[in-house]
Structure formats: structure tokens, C-alpha cells
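Okay, so here's the structure we're looking at.
The values are calculated or read from the model by the stated rules, or taken from the named source; none is laboratory data. These numbers were taken from a predicted model, which means no experiment stands behind them. Cβ sites come from the backbone with ideal geometry, for glycine too, and all protein chains shown count toward neighbours. Protein only, heavy atoms only, side chains kept; ligands, DNA and RNA dropped before computing areas. Shrake-Rupley method; radii C 1.70, N 1.55, O 1.52, S 1.80 Å.
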Amino acid sequence: MRYRILRSTIAVVAVTGLFLGLPLMFYTWRWLDDTARTDLQHRLQQASSEILLQAQRTGVADEPPVEALRLLVPADGRLVLNYTDRTGAARELAVGRDPLERAMVEGTSLGDAGMLRIEQDYAGVRDDQIRALSIELIVMVLSLTAGVVVAAVTASRVADPVQEVAGRAQRLADGDFRPDPHRHGIEELDRVLDVLDTATVEIADRLQRERQIVGDVSHQLRSRLTAIHIRLDELTLHPDPDVVSEARAALDQVDRLTSSVSDMVLMSRAERSPQGPVDVRAEITPLLADLAPSFDRAGRRLTVLPPDGPPLPARATATRVREAAAVLVDNALEHGRGEVTVRLGSVGKHTVLVTVTDEGSGISDGDAQRIFQRGFSAGDGTGVGLALARAFIEGDGGRLQLQSRRPTTFAMFLPAAAPGAEPEVPVVREPEPR
């Protein structure tokens with residue numbers, strides 16, 4: 001912003017100087033030339049008057065007043081009188097310098113008294129013109145310099161407070177909710193800072209209340225999960241092997257849910273989400289294996305393509321990736337039809353791509369415009385899942401979008417991790433005793 005103000009102000013001053021200075025220099029040049037000619041004409045008239053007066057007093061035209069004419073000759077000029085004496089011979093009287101190579105000449109006829117012309121060296125006129133133009137050019141340069149100084153002061157006066165306000169907004173976005181009492185004396189910017197301080201207090205209060213609610217809910221939820229974990233532990237001692245198998249599978253689900261709840265609470269309390277290199281394939285494959293029995297009971301298939309492959313490291317949060325993928329697959333099971341296909345791959349070297357496709361009737365044009373709005377559901381759902389999934393992915397710098405309405409295809413784009421980065425190993429936490 002500082003440089004834009006400088007450039008614009010300097011450009012205005014320069015254009016103004018050119019539009020005013022160039023015509024002024026042109027007219028100054030012409031004016032000095034016209035002034036010199038006017039002075040010669042005035043001297044010529046006076047010299048003519050002196051010669052005619054002398055002729056009237058003496059009655060003859062061959063006795064010009066040399067001394068009077070000498071006073072009328074310019075310092076760098078020459079006066080020449082051509083006349084006829086009493087004998088009828090042509091005579092020439094020259095007063096002043098020798099003949100000039102380049103002269104400004106003015107002349108007139110005196111009738112019987114002869115011809116009179118007055119000359120002035122044009123170099124002197126040129127010197128005056130160049131001197132005047134040099135002064136005007138210096139004034140233009142000084143004006144441009146003053147404009148640069150004023151532009152620099154104005155840019156500093158305006159740009160620095162604007163940058164400080166932008167920095168204040170950035171600190172607010174980063175979670176720094178401390179009010180800033182400093183003001184800049186610029187009414188508009190000070191009003192913005194007042195609004196930011198008011199918003200800071202309100203946001204801080206809301207976040208405090210939300211964190212308290214999240215803490216209370218997570219405490220209650222983990223307490224219930226701990227109780228379920230204990231009951232399932234007891235079922236692992238049952239003599240029936242089928243019961244033991246189901247109990248252990250349920251324990252895995254409880255452990256995974258507890259881990260997700262703990263991660264979400266941690267993210268809600270942290271200033272920034274704990275992003276890192278995450279192997280998307282390693283995170284999503286176990287999730288899909290857990291969801292496969294639900295598809296089997298519904299008489300449908302859940303397919304992963306390709307079934308095996310190299311790691312897909314992404315710069316993301318493991319919990320958010322799992323929860324977003326779970327929302328998409330659950331939606332395909334609940335609202336879709338036929339086989340559900342999950343494709344894991346990459347787009348170029350910088351993006352990891354995960355798509356979820358089903359064989360249902362698709363999504364209408366009207367619903368497609370609102371499907372990610374919180375509270376909107378095309379069926380009997382709560383309308384929270386897709387909005388939450390998009391928030392998770394965008395929170396990690398990725399993108400979640402409806403790629404195709406028929407067949408319904410959702411796509412997750414995640415920023416790929418740097419080459420050579422070691423993916424985080426998924427950690428399953430044990431339930432915390434309460």
C-alpha cells in the first residue's frame with residue numbers, strides 16, 4: 001500500500017508538472033523573444049524621432065544626431081542610418097558594434113531622411129531564454145521533490161496504521177484476544193480498531209463458553225465410554241467364542257471413538273490444529289474395514305480402489321481425515337444405493353485425492369446448491385454431517401466438494417506432505433478412567 005500511494009502521488013505531481021510546466025516554458029520562450037523585439041521597436045521609434053527633429057531644426061537631413069542615437073543603441077546592438085547628403089551622395093552611419101552574424105533586426109523608413117534599422121545580437125536573447133527555462137526547470141524539479149516528500153510522509157501516515165490494523169486482525173484470527181488500546185488519530189481506522197476490540201471481547205467470551213461446553217460434554221461422553229469399556233471387558237471373559245469376538249470388536253470401536261473424542265477436545269483447545277504428515281491410506285483403510293459389516297447387513301458392497309498401494313502422505317490431521325471420510329461413507333450408506341466405491345489416489349505431486357461414489361439416483365440441482373449448508377438435509381438426517389466434514393477438511397487447508405451429482409461423487413482434496421516426510425502412526429488411546 002505504501003508503494004501504491006507513493007507511485008500514485010508522484011505520478012500526479014509529475015503529470016501536473018508536465019501539463020503546467022511545458023506550456024509555461026513555451027510561452028516564456030516566446031515572451032522573451034517578443035519582449036526583445038518590442039524593446040528594439042521602441043528604441044527605433046525614439047531614434048526616428050530624434051533624426052526627424054534634427055532635420056526640422058537644421059533644415060537638412062545630412063547631420064544626424066550621433067550622440068543622441070548612441071544612447072539608444074542596445075549594449076550588444078548596432079544602429080545603421082542610410083541617408084543622402086547635400087551633394088546627393090549616399091551615406092551610411094553605423095553606431096555601436098561591428099556587423100553582427102546573427103541579429104534581431106527592426107527597421108523603418110524616414111522618407112527624405114533615409115532608412116533606419118536597429119540590430120541586437122540574438123545570442124543575448126537566447127541566453128535570457130535559456131536562463132529563464134533553467135529556472136522553471138529547477139522549480140519543476142523542486143516541486144517533484146516536494147511531491148515525493150509529501151507522498152512519503154502521507155504513505156507512512158496512512159500505510160503504517162493500516163498495516164497495524166491488518167496485523168491486529170491477523171492476531172485476532174490467530175487467537176490473540178488481547179485488546180489493543182493504541183489508536184492512530186485517523187477517525188476511520190480508529191473506528192475499525194474499536195469494532196475489533198468489541199468483537200475480540202465477544203469472540204473470547206463465546207470461545208470460553210464453547211470450550212467449557214466441549215469440556216463438559218467430553219467429560220460426560222468419556223465417562224460413559226469408560227463404563228461401556230468395562231462392561232465389554234467383562235464380556236471378553238464369556239465362554240462363548242462368538243460373544244468374545246463381538247466384544248473385542250466392540251472394544252476396538254470404543255477405543256477408536258474415545259481416541260477421536262480426545263483428539264477433537266485437544267484440537268478445540270489448541271490455537272492451531274496439530275497438522276502433520278498423515279498417511280491417508282493407513283487412516284481410511286481400517287475405518288472402511290469397520291464400516292464393511294454395515295454394508296454387508298444392508299446387502300450392499302463397499303469397495304476400495306486400489307485395494308493396495310503405496311502410502312499417501314498428506315499434511316492434515318488424522319482425526320479430521322477419518323471423521324470426514326466416515327461422514328461421506330455413512331451418507332452413501334444411508335442415502336445412496338448400490339455399490340459404494342472409495343478411490344484413494346493423488347492429483348499431481350501436491351494433492352491427495354479421496355472420492356466416494358455410490359450408484360443411487362443422484363442429487364437434484366436444487367439440493368446440490370445447499371447440500372453443505374448446516375441444517376440442510378435431503379432426507380431424514382440432521383444436516384450437520386457434510387457441513388462438519390467440510391469444516392474439518394478446510395481446517396487442514398484442503399477442499400471438500402460435490403464432484404458429480406449423478407452418480408453422486410464427493411471428493412476430498414488434501415495438500416500432499418513434503419517428500420521424505422514420515423507419516424504419523426495412528427495411535428489408539430485407552431479410555432481414561434473416571
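Computed quantities for the displayed model
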| item | result |
| --- | --- |
| Residue under evaluation Asp197, criteria (1) in contact with a Pro (Cβ under 9 Å, 6 or more places away or on another chain); (2) among the acidic types (Asp, Glu); (3) open to solvent by 60 Å² or more (accessible area, probe 1.4 Å), criterion not met | (3) |
| Criterion (part of a helix (DSSP H, G or I), touching a residue at least 60 places away in the same chain (Cβ under 8 Å), open to solvent by 80 Å² or more (accessible area, probe 1.4 Å) and on the phi < 0 side of the Ramachandran plot) met by exactly one of Gln220, Gln163 | Gln163 |
| Region 72-97, residues that are open to solvent by less than 70 Å² (accessible area, probe 1.4 Å) and part of a strand (DSSP E or B) | Gly77, Arg78, Leu79, Val80, Leu81, Asn82, Tyr83, Leu93, Ala94, Val95, Gly96 |
| Sole residue being in a helix (DSSP H, G or I) and either charged (D, E, K, R) or open to solvent by 90 Å² or more (accessible area, probe 1.4 Å) (or both), chosen from Leu69, Leu32, Leu20 | Leu20 |
| Of all residues in region 388-401 being farther than 22 Å from Pro286 by Cβ and either in contact with a Phe, Trp or Tyr (Cβ under 6 Å, 6 or more places away or on another chain) or not assigned by the TED database to the domain that holds Val327 (or both), the one that is modelled with the highest pLDDT | Arg399 |
| Residue list for region 312-337, filter: outside any helix (DSSP H, G or I), open to solvent by less than 30 Å² (accessible area, probe 1.4 Å) and closer than 14 Å to Pro407 by Cα | Gly336 |
| Answer residue from region 51-66, given it is over 12 Å from Asp112 (Cα atoms) and open to solvent by 70 Å² or more (accessible area, probe 1.4 Å) and is modelled with the lowest pLDDT among those | Glu63 |
| Among residues of region 287-334, those that are more than 44 Å from the chain's Cα centre (by Cα) and in contact (Cβ under 8 Å) with a residue 40 or more places away in the chain, counted | 6 |
| Search result, residues across region 280-290 that are open to solvent by 30 Å² or more (accessible area, probe 1.4 Å) and over 21 Å from Pro415 (Cα atoms) | Pro286, Ala289, Asp290 |
| Test: residue in region 181-189 that is part of a helix (DSSP H, G or I) and surrounded by 12 or more Cβ atoms within 10 Å (Cβ to Cβ) | yes |
| Cβ-Cβ under 9 Å pairs, at least 6 apart or on other chains, region 338-351 side in contact (Cβ under 8 Å) with a residue 60 or more places away in the chain and of a type in the set (A, V, I, L, M, F, W, C), far side surrounded by 11 or more Cβ atoms within 10 Å (Cβ to Cβ) and not in a strand (DSSP E or B) | Leu344/Val280; Leu344/Arg281; Leu344/Ile284; Leu344/Thr285; Leu344/Gly309; Leu344/Leu312 |
| Tally, over region 347-357, of residues that are at pLDDT 90 or above and open to solvent by 20 Å² or more (accessible area, probe 1.4 Å) | 3 |
| Residue in region 179-201 that is at pLDDT below 75 and more than 27 Å from Ile5 (Cβ to Cβ) present | yes |
| Residues that are surrounded by 14 or more Cβ atoms within 10 Å (Cβ to Cβ) and within 22 Å of Ser259 (Cα to Cα), drawn from region 229-246 | His229, Leu232, Leu235, Thr236, Glu246 |
| Criterion (in a helix (DSSP H, G or I) and open to solvent by 80 Å² or more (accessible area, probe 1.4 Å)) met by exactly one of Asp128, Asp112 | Asp112 |
| Scan of region 388-411 for residues that are crowded, with 20+ Cβ neighbours inside 10 Å and in a helix (DSSP H, G or I), ordered by number | Ala389, Arg390, Phe392, Ile393 |
| Qualifying residue in region 99-110 (condition: of a type in the set (D, E, K, R), over 25 Å from Gln54 (Cβ atoms) and in contact with a Leu (Cβ under 8 Å, 6 or more places away or on another chain)) | no |
| Check on Asp176, in a helix (DSSP H, G or I), outside the structural domain of Val15 (by the TED database) and of a type in the set (Asp, Glu) | no |
| Total residues in region 98-108, condition open to solvent by less than 50 Å² (accessible area, probe 1.4 Å) and more than 18 Å from Gln46 (Cβ to Cβ) | 2 |
| Residues located in region 224-253, provided they are part of a helix (DSSP H, G or I) and either among the hydrophobic types (A, V, I, L, M, F, W, C) or in the same structural domain as Asp290 (by the TED database) (or both) | Leu225, Ala227, Ile228, Ile230, Leu232, Leu235, Val243, Val244, Ala247, Ala249, Ala250, Leu251 |
